[in-house]
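Everything on this sheet refers to the single structure shown next.
The values are calculated or read from the model by the stated rules, or taken from the named source; none is laboratory data. Small disclaimer: the values here were computed from a predicted structure and weren't measured. Neighbour counts run over all protein chains shown; Cβ positions are idealised from the backbone, glycine included.
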Amino acid sequence: MLKNINILGFYVSNISATVDFYSKLGFQKAREEKTLAQMSLGSMTLQFIDKETAKEQGETFQKEAFGEPKGTGMYINIEVEKIDEYFQSLLAKGLKPSTEPRDWPWRHREFVIRDPDRYKLVFYQKI
């Protein structure tokens, strides 16, 4: 029986840049090694794997690791409080969101930012 979704995995080109980026967003570092890192938020963990490790694996792993663009059609949705203040805090840290906060018909105020590998993160607040 299904129990929980708690880890999502992503191939990335630079573990240290990825950890720095997600730390600025407010994620907590759960683990960091040369070729793997885990960043947590609540009960969810994002696992980042250096794409170069796929060269030691089979062709399927290599296609996944080196495929571009990363995350096409996938959105990681993250709920926040005080979205406009959070948006401003990211700007103050030197991050560059792709969009500004905007209200949507599905009763969310959202903005988008892409991580160093271009995975798309949607920050939202229910309105």
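Going by the structure shown, is Met74 under 11 Å from the mean Cα position of the chain (by Cα) and loosely packed, with under 11 Cβ neighbours inside 10 Å? Step through it out loud before you land on a result.
Details: under 11 Å from the mean Cα position of the chain (by Cα): yes; loosely packed, with under 11 Cβ neighbours inside 10 Å: yes.
Here the answer is yes, as Met74 does meet what is asked.
Assess whether Tyr75 counts as being touching a His at 6+ places or on another chain (Cβ under 6 Å) and over 16 Å from Asp20 (Cβ atoms).
Judged against the criteria, Tyr75 is not a match.
Out of everything in the stretch 96-127 that is touching a residue at least 40 places away in the same chain (Cβ under 8 Å) and exposed (fewer than 14 other Cβ atoms within 10 Å of the Cβ), what residue ends up being farthest from Ile15 (Cα to Cα)?
Across the stretch 96-127, the extreme among qualifying residues is Lys126.
Do you know which residues across the stretch 1-22 are of a type in the set (S, T, N, Q) and either touching a Pro at 6+ places or on another chain (Cβ under 6 Å) or surrounded by 14 or more Cβ atoms within 10 Å (Cβ to Cβ) (or both)?
Ser13, Asn14, Thr18
What is the one condition in (1) in contact with a strand residue (DSSP E or B) (Cβ under 9 Å, 6 or more places away or on another chain); (2) at pLDDT 95 or above; (3) closer than 22 Å to Ser16 by Cα that Arg109 does not satisfy?
Condition (3) is where Arg109 drops out.
Whether any residue in the stretch 48-61 is under 27 Å from Phe123 (Cβ atoms), of a type outside the set (Asp, Glu) and part of a strand (DSSP E or B) is what I want to check.
yes
Can you tell me how many residues within the stretch 9-47 are over 20 Å from Tyr75 (Cβ atoms), out of contact with any strand residue (DSSP E or B) (no Cβ under 6 Å at 6 or more places or on another chain) and not in a strand (DSSP E or B)?
Qualifying residue count, the stretch 9-47: 8.
Scan (1) assigned by TED's automatic domain parsing to the domain that holds Ile127; (2) out of contact with any Leu (no Cβ under 6 Å at 6 or more places or on another chain) for the single condition Ile113 breaks and write down its number.
Status for Ile113: all satisfied but (2).
Let me confirm something: among Glu85, Glu100, Glu81, Glu32, which residue is in contact with a helix residue (DSSP H, G or I) (Cβ under 8 Å, 6 or more places away or on another chain) and under 19 Å from Tyr124 (Cβ atoms)? Walk me through it before giving the result.
Working: Glu85 fails: in contact with a helix residue (DSSP H, G or I) (Cβ under 8 Å, 6 or more places away or on another chain); Glu81 fails: in contact with a helix residue (DSSP H, G or I) (Cβ under 8 Å, 6 or more places away or on another chain); Glu32 fails: under 19 Å from Tyr124 (Cβ atoms).
So the residue among Glu85, Glu100, Glu81, Glu32 that is in contact with a helix residue (DSSP H, G or I) (Cβ under 8 Å, 6 or more places away or on another chain) and under 19 Å from Tyr124 (Cβ atoms) is Glu100.
Any idea which residue in the stretch 62-76 is farthest from Ser89 (Cα to Cα), counting only those that are part of a loop (DSSP other than H, G, I, E, B) and small (Gly, Ala, Ser)?
Among those residues, the one meeting the criterion is Gly67.
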